[in-house]
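Q: Got a structure here, written out as structure tokens. Questions coming.
The values are calculated or read from the model by the stated rules, or taken from the named source; none is laboratory data. Note that the structure is a prediction, hence the values are computed from the model and not measured. Here Cβ is always computed from backbone atoms with ideal geometry, including for glycine, and neighbour counts include all displayed protein chains.
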Ligand code: AMP
């Protein structure tokens, strides 16, 4: 079943209901959103020859047109490739090439040229491009058709997540995966209500955008903030104007919202639900958030390879009133969502008894079909139908999972994953650098910050500002180290492997701040 069917249906059931707002201005009703999505899909097909299975990239900030583009691609059975707008255009260029995208949507249609010129057969289209605008204004309602049929296992969304090998991998997410993710949300996380206002304060290329589907299904209103990003004061304002606000927020965003509320005296009026996840939420932070906003919080634990859907804590579980071991449960990520099985296993994939720490593995209808054109990585990650998450945790006797650590050394800063290897590759390519190792150090606001340990070559000591400029030219600025620590040598074990645990301990001591 084509997931765009849900929009087609809502367009007929609730044609006049507001579908998209930019701030509090109405951008489209459900009737208009469905019609425009179909019309843009026709434009892609007629003027660009897009066929089912072709990849179409979207490299724009959150904007009111985002859902139209996304559904236009799905409507004609093509595959959407949303790219985090914060990525460097060089990184986006790599993803576009790897996905062999036919088209890429950008804000102004002028992002890729020079060294990042698009490969033959790939075209860039701006949101206000003449063809796109004409396709909507001249489309005839007589031609309006339902979304094309697609197999349940057809890829809907190619989700690029970085790998520890340094290059991003395309997670093949199918129509079935996303339908089950959306259905499980309503069973396990929170109801989706027609009167909800779903706010996109986090990038629509990731979890926040993935969670549009259940709200399109019920005909709720999607709200893109005017800031096109995360601004706590703006959220307070929108919540009070619109009411019924529901949004996904990384724990560090929740922390910033609560800090703002403590300054303004706001107490969560107009917010219905905050879905937190994507990184660890500390119990003290959760308790503070509950004290300020009340019972508005639900939690999800997922990863690109099983989007938004491994475990969850609904409102009652987060509150935990009357439940045994309430404090321990608040530190957990909840119980398996209804469409998946979750186990904690040893290296031989044997289930461990309650309380023992091992790798978290998942099986079920939300688990990806595999990595795009990367059979080796797929085989390493999907074992006998089980997705190996790379996360370590333990499950208690009642089924609550607590994550203890990440087996991969992913740094999560401000809710965004940063892969050390990618940063290391960038720094290592500087001629004066002999060795480098990158780790995450705890940071009160961002969760973690990137710290680089650098050993210079004998002849080549340069200022860390120069390394910072070097990074700026190669990787997105949010991935750049916030601190550089210059050392004589990196600590290593007898196999020559760098001991990152030792570096984490050192990170708090010898520090030279970067220019930011
Ligand atoms: P991504 O694939 O970018 O969505 O990152 C997924 C990773 O984020 C997971 O494998 C976990 O390590 C981490 N993560 C996601 N949700 C949670 C959560 N609720 N609590 C702690 N860590 C989480």
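Q: Just give me the residues in the stretch 314-329 being without any contact (Cβ under 8 Å) to a residue 24 or more places away in the chain and either not in a loop (DSSP other than H, G, I, E, B) or not assigned by TED's automatic domain parsing to the domain that holds residue 302 (or both), in sequence order.
A: Correct list: 316, 317, 326.
Q: Just checking, which of 108, 121 is at pLDDT 95 or above and assigned to a loop (DSSP other than H, G, I, E, B)?
A: Testing whether each residue is at pLDDT 95 or above and assigned to a loop (DSSP other than H, G, I, E, B) leaves just 108.
Q: Moving on to the next point. Mind listing just one residue for me: the one in the stretch 399-423 that is surrounded by fewer than 21 Cβ atoms within 10 Å (Cβ to Cβ) and without any contact (Cβ under 8 Å) to a residue 60 or more places away in the chain and, of those, nearest to the chain's Cα centre (by Cα)?
A: Residue satisfying both the conditions and the ranking: 406.
Q: Take residue 307 and decide whether it is touching a helix residue (DSSP H, G or I) at 6+ places or on another chain (Cβ under 8 Å) and closer than 20 Å to residue 207 by Cα.
A: Yes; evaluated as a whole, the condition is true for this residue.
Q: Let me confirm something: among 80, 73, which residue is free of Cβ contacts under 8 Å to residues at least 60 places away in the same chain and surrounded by 23 or more Cβ atoms within 10 Å (Cβ to Cβ)?
A: One residue alone meets the criteria, 73.
Q: Look through the stretch 391-401, keep the residues that are at pLDDT 90 or above and part of a strand (DSSP E or B), and return whichever of them is nearest to the ligand (Cβ to nearest atom).
A: 401
Q: Name the residue, out of 422, 449, that is within 16 Å of the ligand (Cβ to nearest atom) and either in a helix (DSSP H, G or I) or within 25 Å of residue 254 (Cα to Cα) (or both).
A: Numbers: 449 fails: within 16 Å of the ligand (Cβ to nearest atom).
Exactly one of 422, 449 is within 16 Å of the ligand (Cβ to nearest atom) and either in a helix (DSSP H, G or I) or within 25 Å of residue 254 (Cα to Cα) (or both), namely 422.
Q: Something else about it: Yes or no: residue 371 away from the ligand (no atom under 11 Å from the Cβ) and crowded, with 21+ Cβ neighbours inside 10 Å? So that I can check it myself, show each step before the final result.
A: Numbers: away from the ligand (no atom under 11 Å from the Cβ): yes; crowded, with 21+ Cβ neighbours inside 10 Å: yes.
Yes.
Q: So how many residues does the stretch 262-293 have that are more than 16 Å from the ligand (Cβ to nearest atom), outside any helix (DSSP H, G or I) and in contact with a strand residue (DSSP E or B) (Cβ under 9 Å, 6 or more places away or on another chain)?
A: Counting residues in the stretch 262-293 that are more than 16 Å from the ligand (Cβ to nearest atom), outside any helix (DSSP H, G or I) and in contact with a strand residue (DSSP E or B) (Cβ under 9 Å, 6 or more places away or on another chain) gives 4.
Q: When the stretch 330-365 is examined, which residues are found to be more than 15 Å from the ligand (Cβ to nearest atom), without any contact (Cβ under 8 Å) to a residue 40 or more places away in the chain and under 21 Å from the mean Cα position of the chain (by Cα)?
A: 363, the sole residue that qualifies.
Q: Just checking, which of 186, 173 is surrounded by fewer than 20 Cβ atoms within 10 Å (Cβ to Cβ), modelled with pLDDT of 95 or more and under 30 Å from residue 297 (Cα atoms)?
A: Within the list 186, 173, the selection yields 186.
Q: Take the stretch 312-349 and flag every residue that is surrounded by fewer than 21 Cβ atoms within 10 Å (Cβ to Cβ), touching a strand residue (DSSP E or B) at 6+ places or on another chain (Cβ under 9 Å) and over 23 Å from residue 185 (Cβ atoms).
A: Answer for the stretch 312-349, where residues must be surrounded by fewer than 21 Cβ atoms within 10 Å (Cβ to Cβ), touching a strand residue (DSSP E or B) at 6+ places or on another chain (Cβ under 9 Å) and over 23 Å from residue 185 (Cβ atoms): 328, 345, 346, 347, 349.
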